[in-house]
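Chemist: Have a look at this one.
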Amino acid sequence: MRFITCLIFLTSMMPFLPKVHAADELVIYSSKNASFVKPLFDEYSRESGVAISFIVGPMPALLSRLEIEGQGNKADIILGTGASYFWSGSEKGLFATVPSRTLERNVPEHLKSPKNDWFSFSKRARTIIYNTEKVSESDLMGYADLADKKWQGRLCLTTSSVDYSLSLIAMLITSYGVEKTQTIIEGWVNNLAVPPMQDDMQIFEAITKGRCDVGIINSYYYARLQREQPETNLKLFWADQNGSGVHMNVTAAAVTANSSNKLQAIDFLEWLTTKQPQVSYANLSMEYPVNPKVYPAREVAKWGRFEEDTHPVAQAGENRKAALKLIQSAHYK
């Protein structure tokens, strides 16, 4: 039976993997924690007989490594979270164009590269969380409304250095334009109950303890909260249902431009978007499948349907510089 080797990415100075590897082996650079991707890799290896070696590290570091390696690149695939990172890699020519009817069929147009050189296989909603004891659902509207003075001293946000926050702002520029988005961010900053936090779980804690009443979080964290606290008085609200819809970020994958095993790498990308892998990953991550024919995990499906933002997620990368300027101008820490 084939096996999978996990090589944890510790520093950019770690020994490189050998360039030449067998046709029935794939090397993957992944920004996703091994607990989420190793079961997928195991499943693919069992089905295909193809061994998978993988390195785990932050997405910016993995992209930098691809650049440094150049034609001596060791990876066949890069896999990770954040449309803006994939946009950046595409702009630098780090990925191969992939002609695939399977990927065209399984991945909606707005969730992949306009150049067909990266494709989402999972998506996460970034939406509003609120304390049902202090906020009525009828009080809520969407992202822009959280800039209203009625939320002064009641809002919690993650720091702007978190990619989730930056991507949301970049997509707000797509929906509202630069000027209105700046007004929104300034309103958010004015309404903060406490300084911006490092992660979404801290937002849950702050709302539970009454330090703020509303926040913006990734929906899969709410699934984890419900498991730990089934009786929680926190609830999700689907933002902008009368506008652009809920902001979605993605987990995606690309075949590297200098892969020595492109055909097998393409097969893996296609496999990721088919039914069983979509179900498996959705149950592991509590994210949403990208394949329209696949339902989310049962506990996620219970939250109900919502309209998502269907602007191309690649615009999170295109608008990244503009978003950074607005963040600095609004003094959003």
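Just so it is clear, none of the values below were taken in a lab; they were calculated from the coordinates. Quantities reported herein were computed from a predicted structural model and do not represent experimental measurements. Cβ atoms come from the backbone with ideal geometry, glycine included; neighbour counts cover every protein chain shown.
Chemist: Taking amide hydrogens as modeled 1.01 Å from N in the peptide plane, which residues meet the under 5 Å criterion relative to His247, leaving out close sequence neighbours?
Modeler: Arg126, Asp309
Chemist: Would you mind getting me the FRET efficiency between Arg298 and Asp24? Use the beta-carbon distance for r and R0 = 35 Å, nearest 0.05.
Modeler: Working: r = 36 Å, r/R0 = 1.02.
Efficiency, from the Cβ-Cβ distance: 0.45.
Chemist: Right, something else. Obtain the nm distance between the two label points defined at Lys321 and Lys149 by a simple spin-label model: each point lies 7 Å from its Cα along the Cα-to-C-beta direction.
Modeler: For Lys321 paired with Lys149, the spin-label model returns 3.7 nm.
Chemist: Okay, next question. Step through the residues of segment 230-236 one at a time and calculate ³J(HN,Hα) from phi using the Karplus curve (6.51 cos²θ - 1.76 cosθ + 1.60, θ = phi - 60°), rounding each to whole Hz and writing x for Gly and Pro.
Modeler: x, 9, 4, 8, 8, 9, 7
Chemist: Run the simple label-point estimate for Glu69 and Phe306 please: 7 Å along Cα→C-beta, distance reported in nm.
Modeler: Computed distance between label sites Glu69 and Phe306 equals 3.7 nm.
Chemist: Turning to a different aspect of this structure: Find, among the GluC sites (Glu not before Pro) in segment 103-180, those assigned to loop by DSSP (not H, G, I, E, B) with at most 15 other beta-carbon atoms within 10 angstrom. Can you show the working numbers first?
Modeler: Numbers: sites: Glu104, Glu109, Glu133, Glu137, Glu179; in loops: Glu133.
Listed in order of number, the matching sites are Glu133.
Chemist: Using amide H atoms built 1.01 Å from N in the peptide plane, name the residues 5+ places from Gly142, or on other chains, whose amide H lies under 5 Å from its own.
Modeler: Those qualifying (amide H under 5 Å, at least 5 residues apart or on another chain) are Asp240.
Chemist: For Glu186 and Glu133, what does the FRET efficiency come to when R0 = 25 Å and r is the distance between their Cβ atoms, rounded to the nearest 0.05?
Modeler: On the way: r = 29 Å, r/R0 = 1.15.
Calculated value: 0.30.
Chemist: Over 25 Å between Cα atoms: which of Lys38/Lys123; Lys115/Lys262; Lys123/Lys209; Lys32/Lys262 fall into that group?
Modeler: Details: Lys38/Lys123 18 Å; Lys115/Lys262 17 Å; Lys123/Lys209 30 Å; Lys32/Lys262 21 Å.
Check vs 25 Å cut-off fails for Lys123/Lys209.
Chemist: Something else about it: What does the extension gain come out to for Gln328 and Asp42, with contour length at 0.36 nm per residue minus their alpha carbon separation?
Modeler: Working: separation 286, 0.36 × 286 = 102.96 nm, distance 4.36 nm.
Here the answer is 98.6 nm.
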